[in-house]
Every structure is written in structure tokens, then in C-alpha cells.
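Below is one structure, written out as C-alpha cells; comments come after it.
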Amino acid sequence: AQSVAQPEDQVNVAEGNPLTVKCTYSVSGNPYLFWYVQYPNRGLQFLLKYITGDNLVKGSYGFEAEFNKSQTSFHLKKPSALVSDSALYFCAVRDMSAGGTSYGKLTFGQGTILTVHP
Amino acid sequence: KAGVTQTPRYLIKTRGQQVTLSCSPISGHRSVSWYQQTPGQGLQFLFEYFSETQRNKGNFPGRFSGRQFSNSRSEMNVSTLELGDSALYLCASSLVVGGYEQYFGPGTRLTVT
């Protein structure tokens with residue numbers, strides 16, 4: 001079975017400082033990894049994905065994420081946080097190993113509330 | 001392109017009733033997935049449809065069902081509603097099943113009283 005862990009329920013950072021939202025995953029095969037953001041009373045918005053290739057992935061709104069296979073992590077980062085980045089962030093994984101019972105199924109972490117203080 | 005649309009946006013039902021939620025994917029997208037979001041359980045996968053066929057199913061009771069039409073629009077149905085079914089139900093579409101990112105609708109807020 002596949003799973004995603006976001007070890008921090010909340011992350012607080014001052015505006016202008018770098019931010020990191022952590023994510024670790026577990027799949028039996030090759031992972032497809034995603035980050036989404038959710039603003040209050042809204043659906044989820046896609047930020048970025050890792051399928052294959054470079055371990056550093058760049059996405060929307062200046063966010064990036066680093067895939068680390070040995071540590072099974074996919075942490076979300078931004079060099080300089082904005083107050084408008086305050087939202088709920090979800091990491092998600094798809095197990096794309098053919099024949100697996102979880103094939104193609106998207107599993108989300110519990111979410112991390114990011115608060116950026118002025 | 002228009003985004004994913006979900007109707008209705010808000011719904012109030014009583015226990016024992018049934019409800020049908022609708023989702024229209026982004027034009028050209030053939031895969032539709034449904035999720036339940038609650039404060040306690042987070043985002044949980046319900047099912048995924050592609051070309052009118054259910055491709056994946058989460059761990060929900062049989063009271064939760066869905067279907068997809070030839071135009072890729074999808075509906076999900078919940079029968080014999082329980083208080084615990086109160087949640088935000090999110091629909092997401094993608095081009096195909098697989099690595100492509102999913103685009104989410106605004107959700108339907110279901111309240112069961």
C-alpha cells in the first residue's frame with residue numbers, strides 16, 4: 001500500500017524568509033509525486049509534479065520541490081515566502097508500478113497549514 | 001478553457017436520504033476522480049473513472065457509487081446518508097489516468113442533519 005506523510009501540521013515563517021514543507025512517501029514501485037495548495041473554501045490547485053528526470057522540480061508561484069529517492073522525500077520549498085502563500089498544502093503520490101493494487105491511485109498526505117507572518 | 005465545475009455547491013440533506021453530485025471535467029479531459037475531504041480524515045480517494053469505466057476505487061462502503069458518461073461528465077451518488085457523510089466532495093479531472101496532474105473543482109459541501 002502506498003502512503004504519504006506530512007510530519008508537520010503547521011509551519012510558520014516570516015515573510016521574506018525561505019520556507020520548507022516536508023513530505024515523505026512510501027510506494028512499492030515508481031512514484032509520481034505532486035504538491036497541491038488549497039485556499040479557504042476553494043478546491044485544490046496544482047503546484048508541481050515529479051515524474052522522472054531532474055530531482056529539482058520548479059512549479060507555480062515560485063515554488064520548487066526536491067525529490068530524494070534514498071530518503072523517499074519530496075519537500076516543497078520557496079526561497080522567499082509571501083503572506084499570500086498562507087494556505088493548506090498537500091503532498092500526493094501515485095504508484096505507477098504496473099500490476100500493483102494501488103496502480104494509478106492518488107494518495108494525499110494529511111496536509112500542512114502554512115502561515116506566513118508579515 | 002473552463003475549469004472543472006461541480007453542482008450543486010452546497011447541499012443539506014437529512015439522514016437516510018440519498019444525494020447525487022455532478023462534475024463536468026475540463027474539456028478534453030477523460031479521467032474524473034472523486035475525493036471526500038473532512039477535517040478528521042483529510043482527503044480520501046473515492047473512485048476514478050476513465051472512458052466510462054471505473055479504474056480505481058477507494059475504501060468506502062457500497063453506499064457510495066459513481067458513473068461517467070460518454071461526454072466524460074461524472075456523477076457520484078450516496079444512498080442512505082449518515083451524519084458522517086458530511087464533507088466537502090471534490091471532483092478532479094485529468095487528461096488520462098496516470099502521471100498527469102489533476103485539476104480540481106471547487107467542491108460540493110454536503111451537510112447531513
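A quick yes/no check of all residues on (1) among the acidic types (Asp, Glu); (2) modelled with pLDDT of 95 or more:
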position	(1), (2)
B:30	no, no
B:36	no, yes
B:39	no, no
B:48	yes, no
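Which residues, counting only those in region B:54-74, are surrounded by 12 or more Cβ atoms within 10 Å (Cβ to Cβ), within 14 Å of another protein chain (Cβ to nearest Cβ) and either basic (Lys, Arg) or not in a strand (DSSP E or B) (or both)?
Passing the criteria: B:55, B:57, B:58, B:60.
For the list (1) over 13 Å from the mean Cα position of the chain (by Cα); (2) closer than 24 Å to residue B:46 by Cα; (3) aromatic (Phe, Trp, Tyr), I need the number of the one condition that residue A:61 fails.
Unmet for residue A:61, out of (1) over 13 Å from the mean Cα position of the chain (by Cα); (2) closer than 24 Å to residue B:46 by Cα; (3) aromatic (Phe, Trp, Tyr): (2).
How many residues does region A:80-98 hold that are away from chain B (no Cβ under 14 Å) and either more than 18 Å from residue A:113 (Cα to Cα) or crowded, with 21+ Cβ neighbours inside 10 Å (or both)?
Adding up the residues that qualify gives 1.
If a residue has to be surrounded by fewer than 16 Cβ atoms within 10 Å (Cβ to Cβ) and among the polar types (S, T, N, Q) to count, how many in region B:29-53 make the cut?
Going through region B:29-53 one residue at a time, the tally reaches 4.
Could you list, in sequence order, all residues of region B:75-113 that are under 14 Å from the mean Cα position of the chain (by Cα), within 14 Å of another protein chain (Cβ to nearest Cβ) and either in a loop (DSSP other than H, G, I, E, B) or surrounded by fewer than 18 Cβ atoms within 10 Å (Cβ to Cβ) (or both)?
Scanning region B:75-113 gives B:102, B:105, B:106, B:107, B:109.
Identify, by number, the condition in (1) small (Gly, Ala, Ser); (2) away from chain B (no Cβ under 14 Å); (3) in contact (Cβ under 8 Å) with a residue 12 or more places away in the chain that residue A:70 doesn't meet.
(3)
(1) within 11 Å of chain B (Cβ to nearest Cβ); (2) in contact (Cβ under 8 Å) with a residue 60 or more places away in the chain: which one isn't true of residue A:15, the others all being true?
Evaluating residue A:15 over (1) within 11 Å of chain B (Cβ to nearest Cβ); (2) in contact (Cβ under 8 Å) with a residue 60 or more places away in the chain leaves (1) as the failure.
Given (1) modelled with pLDDT of 95 or more; (2) touching a Lys or Arg at 6+ places or on another chain (Cβ under 7 Å); (3) crowded, with 18+ Cβ neighbours inside 10 Å, identify the lone condition not met by residue A:64.
Unmet condition: (3).
Suppose we filter region B:39-67 for residues that are at positive phi and of a type outside the set (Ser, Thr, Tyr); how many remain?
First, the residues of region B:39-67 that are at positive phi: B:42, B:51-52.
Those still in the list that are of a type outside the set (Ser, Thr, Tyr) too: B:42, B:52.
Adding up the residues that qualify gives 2.
Restricting to region A:1-12, count the residues that are closer than 12 Å to residue A:91 by Cα and either without any contact (Cβ under 8 Å) to a residue 60 or more places away in the chain or hydrophobic (A, V, I, L, M, F, W, C) (or both).
Number satisfying all stated conditions: 3.
Taking region B:35-86 as the region of interest, how many residues are of a type in the set (A, V, I, L, M, F, W, C) and closer than 22 Å to residue A:92 by Cβ?
Going through region B:35-86 one residue at a time, the tally reaches 8.
The values are calculated or read from the model by the stated rules, or taken from the named source; none is laboratory data. Keep in mind that what you see is a predicted model, and the values were worked out from it rather than measured. Ideal geometry is used to build each Cβ from the backbone, glycine not excepted, and the neighbour counts take in all protein chains shown.
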